[in-house]
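To start, the structure under review is shown below, and the notes come after it.
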Amino acid sequence: MSSMSLAQKIISSHLVDGKMEPGQEIGLHVDRVLMQDATGTMACLQFEAMGMPRVKVEHAAIYVDHNILQTGFENGDDHRFLQTFASKYGIHYSKPGNGICHQVNLERFSMPGKLLVGSDSHTPTAGGAGMMAIGVGGLDVAVAMAGAPFYTKMPKIVGVKLTGRLRPWVTAKDVILEMLRRLSVKGGIGRIFEYYGEGIKSLGVPQRGTICNMGAELGATTSLFESDEITLDYMTRQGRPQDYTQISADSGCSYDENMEINLSELEPMIALPGSPDAIHKVREVQGADVHQVLIGSCTNSSYVEMMTVAHVLRGKKVHPNVTMAINPGSKQVLETVARDGSIYNIIASGARLLESGCQGCIGMGSAPGTDWVSIRSFNRNWPGRSGTKDDKVYLTSPEVCVACAVTGKITDPRDLGEYPNIPWPDKFVVDDSGIVPPALSSEADRVIVSRGPNIRPLPLREKMENNLSGEVLIRVGDNISTDAIMPAGAKILPLRSNVPAISEYVFYWLDPDFAKRAKDKQGGFIVGGENYGQGSSREHAALAPMYLGVKAVIAKSFARIHRANLINFGILPLEFQNSSNFELLAQGRSLSIDNVVNSLKEGASTIEALAGDDRIVLKVDLTPRQRQVMLSGGLLNYIRSHQGS
């Protein structure tokens, strides 16, 4: 391959198994891993189960950012578990309040050309700094920490040429909303988006990170920008120019697919309630009353964004009918904005200043009231994710958010007048005291891992049965998210290390009786539509159904991370060969799939399911390695068997 794209360069330098041909399974050497507290507790327990004394990657970090609302003993206990576990096994620990994992990683640990896997779907944020960063399930992170390759199918590389320059009040958020408008939430499945062209030169690293972050909403494997003089400038202001490496695509390289966006033609955009791809121009929907405005999340909480919001709020008050809250992405952002004097503007306006963490984005506080219109600079707005069942959550840029906050209505920010062009600080406040390094390996044996009563043993599946039978426990439609399968929020997320307890909430928003029915029926099947399992990396959306006895999920198509998680936990992912058969598998219908073990061993590409007199042909799209994982009853069983333990 004489001329390579940036993505191909990084993949080829990490390739340890397979060929770089779209659709073929590849194994990649992992340099670094990222975990957060909502998924990392289980990843740690899984790593511990492998019997390794220390992590084998060059750098590992776990961040407490999702579960910082301590309404009971559970979160506090888990934080102490994570800190002591991290110290013992060679992992850096970012304390509560230090910031959102993706923001802190971009600031302190992103490195161009490296491969990062993270147990959070928005891990690709680091692509803004030229890093190949891929969101995966917690078990895949645990396996990577043990030194094994990360396996995935080789994606297609999509070249996205950016031309022109963003006009005032138009932002990087509008770039990714335009991508969602064009492609939808499933338009990126099996793809890496590589942004290039003269248009990228007007985007700073955090702005590039915003675009890469919400590539997750496209279903993309990851997104990337080159590492250039803008990357070096950012890292220099972070006090770590030594971490910079120039890396870019070869001149004249070709892409599997091509797109082009003229930045000069974009205008402020907004996603309407229900889905991140329900995109409209703000001008088309302006005028509606607004009740809540939230600014922050891993998508839009950098220094420039906070300073822009503070500048707009200077001398103004939040509208009397609006409640507004702001959560900076990291302690560094908060401290640098405070040093530069703009926190006063935020406080004086009447906005609430929250600590640095995920907050309302994950339904951890800030749930909107009944029939409230909530305008958020976040990345997801699936029904109920906010913590309120029938919510009305809109997604947009911080600029649109602050315009709505001061006017009380959905407002195009261009109506506010002159745009404040905020310069970068010469140097950010650099204080890594909130990141606790691990104990030296020579002292690790002395570290005692603290375990609270909410940390329960890791459940495992038995080996695959040859015959699967049971009822269709639930049938759901297209684009079902992992939030719909395994909800987040202040009530449920603290149970993440207690699978028996958290399994009671599977499909809670869609069908509160699902868990009881699954237990009464001793398991069964889930039937889904297109893009089943879109969204977050939370493996509990597979682990908890496995605990409830779900044997297989039959869908029209799957989202990448969730499909991998199903395999990791021994749930067979099957796809309809004829999508019209979806109608045959109503909830309550008895179903049997025979000769499963032999079919997997023989490499069969299809398998028959029998529902009464109806024979339904299902596709078995598994690599040879994945078939062995399925036969073992999941990835952890597979790893153990290959260790000889």
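Before moving on, here are some points about what is shown:
- Of the residues making up the stretch 336-384, those that are part of a strand (DSSP E or B) and closer than 23 Å to Asp483 by Cβ are Val373, Ser374, Ile375, Arg376.
- Options Ser580, Ser641, Ser632, Ser536: the member that is among the polar types (S, T, N, Q), in contact with a helix residue (DSSP H, G or I) (Cβ under 8 Å, 6 or more places away or on another chain) and free of Cβ contacts under 8 Å to residues at least 12 places away in the same chain: Ser641
- Condition met for Glu530 (modelled with pLDDT of 95 or more, assigned to a loop (DSSP other than H, G, I, E, B), closer than 23 Å to Val136 by Cα and not assigned by TED's automatic domain parsing to the domain that holds Val143): yes
- A search for C-beta distances below 6 Å between a residue of the stretch 147-165 that is polar (S, T, N, Q) and any residue that is in a strand (DSSP E or B), counting only pairs 6+ apart in sequence or on different chains, returns Thr163/Asn262.
- Pro149 surrounded by fewer than 20 Cβ atoms within 10 Å (Cβ to Cβ), of a type outside the set (Asp, Glu) and more than 21 Å from Ser251 (Cα to Cα): yes
- Boolean, Arg380 is outside the structural domain of Asn98 (by TED's automatic domain parsing) and in contact with a Leu (Cβ under 7 Å, 6 or more places away or on another chain): no
- Qualifying residue in the stretch 390-403 (condition: touching a residue at least 24 places away in the same chain (Cβ under 8 Å), under 30 Å from Gly477 (Cα atoms) and surrounded by fewer than 24 Cβ atoms within 10 Å (Cβ to Cβ)): yes
- Subset of the stretch 576-596 (residues that are outside any loop (DSSP other than H, G, I, E, B), surrounded by fewer than 16 Cβ atoms within 10 Å (Cβ to Cβ) and within 33 Å of the chain's Cα centre (by Cα)): Ser579, Ser580, Glu583
- In the stretch 329-354, the residues that are outside the structural domain of Ser301 (by TED's automatic domain parsing) form no Cβ pair under 8 Å with any partner that is aliphatic (A, V, I, L, M) and outside any loop (DSSP other than H, G, I, E, B), whether six or more places apart or across chains.
- Restricting the search to strands (runs of 3 or more DSSP E) fully inside the stretch 182-287 and requiring at least 2 residues that are closer than 30 Å to Glu25 by Cα gives 191-196, 222-225, 257-262.
- Some residue of the stretch 557-566 being farther than 26 Å from Gly187 by Cβ and assigned to a loop (DSSP other than H, G, I, E, B): no
- Residue count for the stretch 460-498, restricted to those that are of a type in the set (Val, Ile, Thr), at pLDDT below 95 and over 23 Å from Asn381 (Cα atoms): 0
- Pairs meeting the criteria (first residue in the stretch 104-123 and at positive phi, second residue assigned to a strand (DSSP E or B), beta carbons under 9 Å, at least 6 apart or on different chains) are Gly113/Met132; Gly113/Ser227; Gly113/Ile247.
- For the stretch 196-251, a residue qualifies if it is within 22 Å of the chain's Cα centre (by Cα) and over 23 Å from Ser297 (Cα atoms), and exactly one does: Glu226.
- Test: residue in the stretch 161-183 that is surrounded by fewer than 24 Cβ atoms within 10 Å (Cβ to Cβ), of a type in the set (Asp, Glu) and within 22 Å of the chain's Cα centre (by Cα): yes
- Residue in the stretch 544-556 that is within 24 Å of Phe73 (Cα to Cα) and at pLDDT 95 or above present: yes
- Scanning the stretch 475-511 for residues that are small (Gly, Ala, Ser) and either buried (at least 19 other Cβ atoms within 10 Å of the Cβ) or without any contact (Cβ under 8 Å) to a residue 60 or more places away in the chain (or both) gives Gly477, Ser481, Ala484, Ala488, Gly489, Ser497, Ala501, Ser503.
Here is a yes/no grid of residues against (1) closer than 22 Å to Val333 by Cα; (2) more than 29 Å from the chain's Cα centre (by Cα):
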{"residue": "Ala403", "(1), (2)": "yes, no"}
{"residue": "Gly408", "(1), (2)": "no, yes"}
{"residue": "Pro413", "(1), (2)": "no, no"}
{"residue": "Asp431", "(1), (2)": "yes, no"}
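- The residue list Leu574, Leu543, Leu591 contains one member that is in the same structural domain as Ile502 (by TED's automatic domain parsing), touching a helix residue (DSSP H, G or I) at 6+ places or on another chain (Cβ under 9 Å) and touching a residue at least 12 places away in the same chain (Cβ under 8 Å), which is Leu543.
- Checked against (1) part of a loop (DSSP other than H, G, I, E, B); (2) buried (at least 17 other Cβ atoms within 10 Å of the Cβ); (3) of a type in the set (D, E, K, R), Arg414 meets all criteria but (1).
- Search result, residues across the stretch 313-335 that are part of a helix (DSSP H, G or I) and either buried (at least 23 other Cβ atoms within 10 Å of the Cβ) or under 25 Å from the mean Cα position of the chain (by Cα) (or both): Leu313, Lys331, Gln332, Val333, Leu334
- Meets criteria (of a type in the set (Phe, Trp, Tyr), buried (at least 24 other Cβ atoms within 10 Å of the Cβ) and either touching a residue at least 60 places away in the same chain (Cβ under 8 Å) or out of contact with any Pro (no Cβ under 8 Å at 6 or more places or on another chain) (or both)) for Tyr89: no
- Total residues in the stretch 41-74, condition crowded, with 24+ Cβ neighbours inside 10 Å, more than 19 Å from Ala444 (Cα to Cα) and out of contact with any Ser or Thr (no Cβ under 6 Å at 6 or more places or on another chain): 5
- Hey, Pro276 in the same structural domain as Ala403 (by TED's automatic domain parsing) and farther than 24 Å from Glu21 by Cα or not: yes
The values are calculated or read from the model by the stated rules, or taken from the named source; none is laboratory data. In this text the structure is predicted, and so the values were computed from the model without any measurement. Cβ: placed from backbone, ideal geometry, glycine included. Neighbour counts: every protein chain shown.
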